[in-house]
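The values are calculated or read from the model by the stated rules, or taken from the named source; none is laboratory data. Here the structure is a predicted model, which is why all the values come from computation and not from measurement. So basically every Cβ, Gly included, is an ideal-geometry build from the backbone, and we count neighbours across all protein chains shown.
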């Protein structure tokens, strides 16, 4: 029986292995090349201004005297932060901000959860309802501020006209001036703008839940409230944390609405941290002090986000 002798060249195998190694090495770096433009843009738009703001917060930078005050000194680097501890307006603005966040975020969640459960049970026209639900999300916060500033206007506002027409009010009411209606007016505008986003997230989570769990509960005789309490609500926790995180960060940047509707007034009744920082930077030209005010909100926002993400990781459910 004839046999064929196969010869193998070791040098060719070594060269082939080197080419494969070189190819795999470049293939491993390829994803980084793809995301490099986005990383560069984020660094220029977000990272650099953040680092610059941190630096400015440790300086007595005044826009009217930049050559003399834009200097970093170790003996005065914490002067702005020490000044914050004695600033009554700063603490009042933080109190208003906390109240605004707690009421807006929690009330948005309750209303969005109820609305998402109703939409999940709609059999006809659900696509049209979802489209209508997204309409408030298309408006810029500036437009929402102008819109609700007109709604709650004391003379030509839509709210006063409707309430006077139905006999609920006998004379126009200054909604944006009177306490606590100024804060309630701002919260109403924030709710109108933010509820649709949270509703869509919770609706997507509700529709993605496993149906066999509900079928088993129906076999055991569970009614609608029991299924929501023991199945829907616990399984929606990851989606809830995501929605709360996104909404909290979004509401915490509601400078446009507050600035346009009330400007933080009257008498600082609706002053928020971001409007106070803007007032100190733009009107008073105290950029160093304004940066210190902003850094307090940034630090607390980062800590709050990390806490929510930790809760999100702990609440992961494997179906």
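Data for the structure
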| item | result |
| --- | --- |
| Scope the stretch 242-258; condition touching a residue at least 60 places away in the same chain (Cβ under 8 Å) and either within 12 Å of the chain's Cα centre (by Cα) or outside any helix (DSSP H, G or I) (or both); matching residues | 242, 243, 244, 245, 247, 248, 251, 252, 254 |
| Yes/no for residue 128 being exposed (fewer than 13 other Cβ atoms within 10 Å of the Cβ) and closer than 23 Å to residue 200 by Cβ | yes |
| Residue match in the stretch 192-201 (condition: in contact with a helix residue (DSSP H, G or I) (Cβ under 9 Å, 6 or more places away or on another chain), in contact (Cβ under 8 Å) with a residue 12 or more places away in the chain and not in a helix (DSSP H, G or I)) | no |
| Hits in the stretch 144-160 - residues which are part of a helix (DSSP H, G or I) and either in contact with a helix residue (DSSP H, G or I) (Cβ under 6 Å, 6 or more places away or on another chain) or under 24 Å from residue 102 (Cα atoms) (or both) | 144, 145, 146, 147, 148, 149, 151, 158, 159 |
| Residues (touching a residue at least 60 places away in the same chain (Cβ under 8 Å), in a helix (DSSP H, G or I) and farther than 21 Å from residue 95 by Cα) located in the stretch 276-292 | 287, 288 |
| Any hit, the stretch 161-181, residues being touching a helix residue (DSSP H, G or I) at 6+ places or on another chain (Cβ under 6 Å) and outside any loop (DSSP other than H, G, I, E, B) | no |
| Residue within the stretch 73-82 that is modelled with pLDDT under 80, surrounded by fewer than 10 Cβ atoms within 10 Å (Cβ to Cβ) and out of contact with any helix residue (DSSP H, G or I) (no Cβ under 6 Å at 6 or more places or on another chain) present | yes |
| Only one of 253, 268 that is at pLDDT below 80, closer than 30 Å to residue 179 by Cα and surrounded by fewer than 20 Cβ atoms within 10 Å (Cβ to Cβ) | 253 |
| For residue 139: the one exception among (1) closer than 18 Å to residue 259 by Cα; (2) modelled with pLDDT under 90; (3) in contact with a helix residue (DSSP H, G or I) (Cβ under 8 Å, 6 or more places away or on another chain); (4) surrounded by 17 or more Cβ atoms within 10 Å (Cβ to Cβ) | (4) |
| Every pair of residues 6+ apart whose Cβ atoms lie under 9 Å, when the first sits in the stretch 217-239 and is in a loop (DSSP other than H, G, I, E, B) while the second is surrounded by 13 or more Cβ atoms within 10 Å (Cβ to Cβ) and at pLDDT 85 or above | 222/230; 222/231; 236/113; 236/116; 236/202; 236/205; 236/206; 236/209 |
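Yes or no, residue by residue, for (1) closer than 30 Å to residue 149 by Cα; (2) crowded, with 18+ Cβ neighbours inside 10 Å:
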| position | (1), (2) |
| --- | --- |
| 178 | yes, no |
| 182 | yes, yes |
| 193 | yes, yes |
| 206 | no, yes |
